[in-house]
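Since every read-out is calculated from the coordinates, none of them should be taken as a lab result. These figures come from a predicted structure and were not determined experimentally. FYI the Cβ positions are ideal-geometry reconstructions off the backbone, even for glycines, and counts take in every protein chain you see.
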Amino acid sequence: MRQGSNSTTGSHPVIRFQQIPIVPGPLTHLEKIRPQLLSEVFEKTEEDFSGASLDILLGEALYSERLRLKRTQSHFFTRSRLKKDFRLWNQIHSGLLKPAAEVDRKILLEQVIRHYAGEIGGHFDSRVYQLATRAVPWGFSWLLNAAGVKRFLPWGMTQSLESRLHILGEVPTLQRLAQKGTILLVPTHQSNIDSVLIGYIIYLMSLPPFAYGAGLNLFSNPILSFFMKNLGSYTVDRQKTNLIYKYSLKNYSTLILKEGIHSIFFPGGGRSRSGAIETKVKLGLLGTGLEAQIAGIRAGNPDFRVFVVPMVTSYHSVLEAGSLIESYLEDLGKHRFIATEDESWQLKKVIGFFWKVFSSQSTITVRIGKPLDVFGNLVDDEGHSIGPSGSIIQPVRWLTTRGEVQREAQRDMEYTRELGCRLADRFHKENTVLTSHLVAFAFFETLRRKYPEFDLFRLLRLSLPQRSIPYSDFLAAAETEHRRIVECSGRGEFFLSDDLKTGHTETWVKEGVRQLGLLHDVAVVKVQDEVISTEDMNLLYYYRNRLTGYGFHLGLKQHDSKGFLA
C-alpha cells in the first residue's frame, strides 16, 4: 500500500502520500462472484414479495415505468437501455392483459427482477483498474501543471494534486477499519465532480477499490461510463420509483457489503440543489449496512462488521451551482419561479472546472468524518462501538431477538432512522467552512437586514442598486459574523479553513471574494469603488446556504416564515 502520513499546513493536518502498490480488495473478485450475486439478488427480491398481490405489484410498476419512459430523454448512450426497457414493459403489459391461468404472474415478476438485477449489477476489470490508477493521477498532475505554470508538455512536472487537495480528518482510522470490516463510505453530494474526485481520493488514501452507487446520468458520458462500468459501479436510477426496482437495488447493495466489498453511495440522494449540507438522508440504501451485518453474522461470522464513514467535500465554487439553485427555487416557489435548462455532464466542463481551480491556486477540502456503526454509535480506532454511556457495546446483542441474530423490521427501521439522524449531524460537524461560504453568507444576511419585510423571492429580485452596499458597512457585518462562526467552531459545530483563523477581516474577505469569482461568468460578489454588490442573487443565495442548518441565526426550523433556509 501507499503509506499516508500527517503533516501540517497551517493548523490543518493534511495527508501526504508515498507511491507504493495498493493491496487488492474484495471488489477485484466481483466478476468471479457476479453470476451468483445476481442470482441471490433475484432469490432475495422474489422472497420479499412472496405474500404480495402480483397483479397489483406489477400493475403499479408498469404504470410508473411507462410514465418514466415517456418523460425520459433519449441520448445516444442510453438508447439501447431504453429499447430494452420498452421491450420488457410491453411484454409485461401483454402478460397482465391475459388471465393468470394463462400467464403465470410469478414468471412476469421473475422477468422484471432479472432485468433490474442485470441493469444494477456492476463489473470489475483489473486491467481497466490498472489503466485508471496510472492514467487518472497522471492526467490530474498534467492538468495541474499545465494550468498552474502553463507547462503543456508531460515532462518536467513539479506540482502534485495533493497540494490542492486538503484531505483531513479520520484518514488513519479509515485505513485501519478497512482491514477490520466492510466500509460503507457516505459522502455529501454537491456536484457531479464528486464522482471523479472521490474515486481519486480513495486511491490517494491507499484503500482498495470500492463499489460505487452511481446515478444513471453519469453513464451518459462515454469515457466516464467506460470506467464506471468496469470498476465496480452499480447503477442507481432515481427515476425508477416502483417497489420491485427499490428492493432489487437494496438487495444488491446488501449482498455486496455482505461479501466484504467496500461501497460508496450518496445518502442524500441527488446533488444538494440548495447548496446546503444534507439535513435528511435516504434510509433505503443506508439500511443495507445493517442488513448486511445481520446476514454476515448469520452466515457464520460473529465478528462481521459494517462501518459507516461520513465524508464531507467543500468547494469554493460548484460547477452546476446555477442550474441546481434554479431547480431548487422552482420547486420551492412553484409558479413564482421559472427555471432554465440544467447543465448536462460534459467532459469539457469538468476539465474547465479543474483548470480554473488549478490555475487560480484554489483548493478542494475533503474531510473524513468519525466512523459510525450501523446503529449510529461512534466507532473507535479498533472498530469498537461506543454506546451512549461511553462504554464499549457488543453489536451482536443489539441484533439478537429470542436468543438469535435475525432481522426484525420494526427494530431495524428504528436503528436505521437513528443512524440517518446521526449521519446528518456528523455531516454538519465535519463540515469545513471556507472563506467563500462566509463571504456569501455575510453579504446575503446583510441584504436581508436591509430589507426585513421582503420574503425570499422578493429579495432575489432586488435591482442592482438595491443589492449594493458600502464596502465598509459590509466589513463591519462580516466581522460580526466571523466572531459568531469562530464561537461555533470552538463548540465543535464545524471546522474552519486556515484562512478563517486569521483575525484580520479584510484579508479573509478578499480571499472569499476572489474564490467566488473563479468559476462563474457573473460576479457572485464584486467589490468596486468601495461598494460591494452581486450580479446574481441566486448564486449568492446558493453559496450562502452552505452555512445553514446550524440554527445560530434564525432558530432551528428548516425554513422560516419567509421561505429562507435557516
- May I ask for the percentage of alpha-carbon pairs in segment 386-471 that lie more than 22 Å from each other? 58
- Assuming R0 = 56 Å, can you tell me the calculated FRET efficiency for the pair Glu382 and Lys83, based on Cβ-Cβ distance, to the nearest 0.05? 0.60
- At what distance in nm do the modelled label points of Leu462 and Ile392 sit from each other, each positioned 7 Å from its Cα along Cα→Cβ? 5.6
- Query: Of Asp194, Asp381, how do they rank once you tally other Cβ atoms within 10 Å and put the fewest first?
  - Reply: Asp381, Asp194
- Query: Tell me, Ser272, Ser248, Ser94 in order of fewest to most beta-carbon neighbours within 10 Å?
  - Reply: Ser94, Ser272, Ser248
- With respect to the cross-link table entries Lys70/Lys429; Lys83/Lys349; Lys282/Lys370; Lys349/Lys370, which display a Cα-Cα separation exceeding 31 Å? Lys70/Lys429; Lys349/Lys370
- Rounded to 5, percent antiparallel among DSSP beta bridges of the chain: 55
- For Ser191, the residues 5 or more places away or on another chain with a placed amide H closer than 5 Å to its own amide H are none
- Short version: ³J(HN,Hα) in whole Hz for each residue of segment 123-132, in order, from phi by Karplus 6.51 cos²θ - 1.76 cosθ + 1.60 (θ = phi - 60°), x for Gly and Pro, what are they? 10, 9, 10, 4, 5, 5, 5, 4, 4, 5
- Please report Ser53, Ser359 as a ranked list, fewest other C-beta atoms within 10 angstrom at the top and most at the bottom. Ser53, Ser359
- Note on the structure: Computed on Cα atoms only, the convex hull of the chain has an orientation-averaged projected area in nm² of 28.1
- Query: HN-Hα J couplings of segment 444-452 from phi, Karplus 6.51/-1.76/1.60, θ = phi - 60°, integer Hz, Gly and Pro as x?
  - Reply: 4, 5, 5, 5, 4, 5, 6, 10, x
- Applying the Karplus parametrisation 6.51 cos²θ - 1.76 cosθ + 1.60 with θ = phi - 60° to the phi angles of segment 406-419, what ³J(HN,Hα) value in whole Hz is obtained for each residue in order, glycine and proline being reported as x? 7, 6, 9, 3, 5, 4, 5, 5, 5, 4, 5, 4, 5, 4
- Task: Compare the peptides 409-421, 512-524 by average per-residue count of other Cβ atoms within 10 angstrom and give them in order, highest first.
- Result: 512-524, 409-421
- Given H placed 1.01 Å from N in the peptide plane, which residues other than close sequence neighbours of Tyr234 have an amide H under 5 Å from its amide H? Tyr212, Gly213, Ala214
- Charge tally in the Cβ shell below 13 Å around Arg426, where Lys, Arg are +1 and Asp, Glu are -1, Arg426 excluded: -3
- Note on the structure: Net charge near Arg407 (other residues with Cβ under 15 Å of its Cβ; Lys, Arg +1; Asp, Glu -1) is -1
- Near Lys258, which lysines are there with a Cα under 18 Å away, not counting those fewer than 8 places off in the same chain? Lys32, Lys44, Lys180, Lys250
- Local electrostatic count, Gly122, Cβ distance below 9 Å [Lys/Arg +1, Asp/Glu -1]: +2
- Report the calculated FRET efficiency for Glu479 and Glu535 (r = Cβ-Cβ distance, R0 = 30 Å), to the nearest 0.05. 0.75
- Query: What number, in percent, do you get for the relative contact order of the chain if the mean sequence gap of Cα pairs under 8 Å and at least 6 apart is divided by its residue count?
  - Reply: 16
- Item | Amide H contacts under 5 Å for Leu496, placed H, 5+ residues apart | Val433
